[in-house]
Amino acid sequence: MSPTAQSTTNARRVVFPFTAIVGQEEMKLALLLNVIDPKIGGVMIMGDRGTGKSTTIRALADLLPEISVVANDPFSSDPSDPDLMSDEVRQLLEQGAEIPVAHKKVQMVDLPLGATEDRVCGTIDIEKALSEGVKAFEPGLLAKANRGILYVDEVNLLDDHLVDVLLDSAASGWNTVEREGISIRHPARFVLVGSGNPEEGELRPQLLDRFGMHAEIHTVKEPALRVQIVEQRADFDQNPPVFLENYKPQQEALQQQIVNAQQLLPEVKIDYDLRVKISEVCSELDVDGLRGDIVSNRAAKALTAYEGRTEVTVDDIHRVITLCLRHRLRKDPLESIDSGYKVAKVFSRIFGVELPEGDTAQKNGTGQKLGARG
């Protein structure tokens, strides 16, 4: 490979550091909490074009520590956790075979808008299966995304059936492909991140409800902040290695904080009275089903672990409840998503907390706490 081609390849691999991203605290918090606890169920990010959605998601995937995988396994199977390994690897383990282990970066898989179901789920080669008697499976994007992040830009323009397939896999952690009586399944546990522009149409409420959290992002209005973002980007483009070196300490500190939070999460407790009040909020807002209750509890625990504590406080719930509930209030597909004021109002009354006028349960607290780190 020529030096020019080599440098081009290296330049392509460089990712803008997560800790250098200015603003968009709602989105950053929702993504971090989903990485700490993937069972929250993913994030739907709605907002203006050119606000750094894909840059932030790529930066998060790049920030995460390497994971142990079974070498040459198309599903990035975990060598020690049976829930995260393919049936083939599990069989080899049961037979006492030695499993070769490798380490790799967490994958961030982009799902193109025109992707077919075969491309997403994978295909079975029926001819090979019949002639050679083997289950010939060509893995799809869900296989590649296992134990990683699956990003769907313009998810509101994706075929509803495909969105259903993605959400089903994200919820169950498995992808099953069936054709002509042959069935193959593999682990597909990933953080699902969807993004879109509300001007191009909303997702149906039934699909929207399946996303754990919903973050709203807006174009930064403050001129000084806009200048800071532009200058940072120019510095990064001009000399990526130097820019990355400057942010290395912050990147390493945040990576360690995420690892610590993942380990601490099982010890985090939420008081019974607080759980009852969360359910009161969901009930009063007429949230269908129990997803809102479950996700609010999980997100509050993940935030508590992120900050190195083991007892959930009212403030923790305050900072995540809008992200968990605002997209579940919509009953009419033509109605736009409430900015969070309804959630904040009901929360303040039930929890007996005074909120500043117009508070959306995010402006107060989240921005300051996360901003200080990044």
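The values are calculated or read from the model by the stated rules, or taken from the named source; none is laboratory data. Computed from a predicted model, the values in this text were never measured in an experiment. As a convention, Cβ positions derive from the backbone with ideal geometry for all residues, glycine included, and neighbour counts pool all protein chains shown. Note: accessible area is taken over every heavy atom of the protein model, side chains too, but ligands, DNA and RNA are not part of it. Shrake-Rupley method; radii C 1.70, N 1.55, O 1.52, S 1.80 Å.
Where does helix 25-36 land angle-wise versus the long Cα axis of the chain, in degrees 0 to 90, nearest 10? Helix 25-36 sits at roughly 50 degrees to that axis.
Taking the square roots of 5 times each eigenvalue of the Cα gyration tensor of the stretch 184-270, largest first, gives ellipsoid semi-axes of 31, 25, 16 Å. Tell me the angle of helix 160-172 to the major Cα principal axis of the chain, expressed in degrees between 0 and 90 and rounded to the nearest ten. The two axes meet at around 90 degrees. Report, as a whole number in µm² per second, the diffusion coefficient that Stokes-Einstein gives for the stretch 12-52 at 4 °C and 1.567 mPa s using the Kirkwood radius over alpha carbon pairs. Answer, rounded: 110 µm²/s. Here the ratio of the Cα radius of gyration of the stretch 238-352 to 2.2 N^0.38 Å is 1.32.
In the stretch 254-316, Cα pairs under 8 Å separated by at least six residues give a relative contact order of 53 percent. Most tightly packed first, judged by the mean number of other beta-carbon atoms within 10 Å of their residues, the peptides 278-287, 87-96 read 278-287, 87-96.
Solvent-accessible surface of the stretch 185-233, averaged per residue with a 1.4 angstrom probe and all protein chains in place: 47 square angstrom. Using C-alpha pairs below 8 Å separated by at least 6 residues, the relative contact order for the chain is 21 percent.
Per-residue 3J(HN,Hα) values for the stretch 319-326, derived from phi via the Karplus relation 6.51 cos²θ - 1.76 cosθ + 1.60 with θ = phi - 60°, read 7, 10, 5, 5, 4, 8, 10, 4 Hz in sequence order (x marks Gly and Pro). Taking the longest Cα principal axis of the chain as reference, the axis of helix 341-351 is set at about 70 degrees. For the stretch 16-87, the Cα gyration tensor yields ellipsoid semi-axes of 29, 14, 11 Å (square root of five times each eigenvalue, largest first, whole Å). Within the chain, DSSP assigns beta bridges of which about 45% are antiparallel (rounded to the nearest 5).
Projecting the alpha carbon convex hull of the stretch 211-257 along each direction and taking the average yields 5.3 nm². Among Ile229, Ile67, the sequence by solvent-accessible area, most first, with a 1.4 Å probe is Ile229, Ile67. Convert 25 °C to kelvin, take the viscosity as 0.890 mPa s, use the Kirkwood radius over C-alpha pairs of the chain as Rh, and evaluate the Stokes-Einstein diffusion coefficient in µm²/s, rounded to a whole number. Estimated diffusion coefficient is 111 µm²/s.
Just the protein heavy atoms count here, and of the accessible area of the chain at 1.4 Å, carbon and sulfur take up 50 percent. At a probe radius of 1.4 angstrom, the accessible area of the stretch 46-108 per residue rounds to 51 square angstrom.
Take each peptide in 24-31, 165-172, count the other Cβ atoms within 10 Å of every residue, and average; sorted highest first, the result is 24-31, 165-172. Overall, the stretch 67-115 carries a charge dipole of about 240 debye about its Cα centre when +1 sits on the Cβ of Lys and Arg and -1 on the Cβ of Asp and Glu, all other atoms neutral.
For the stretch 49-55, the Karplus equation 6.51 cos²θ - 1.76 cosθ + 1.60, evaluated at θ = phi - 60°, returns couplings of 5, x, 9, x, 4, 5, 4 Hz by residue, with Gly and Pro reported as x.
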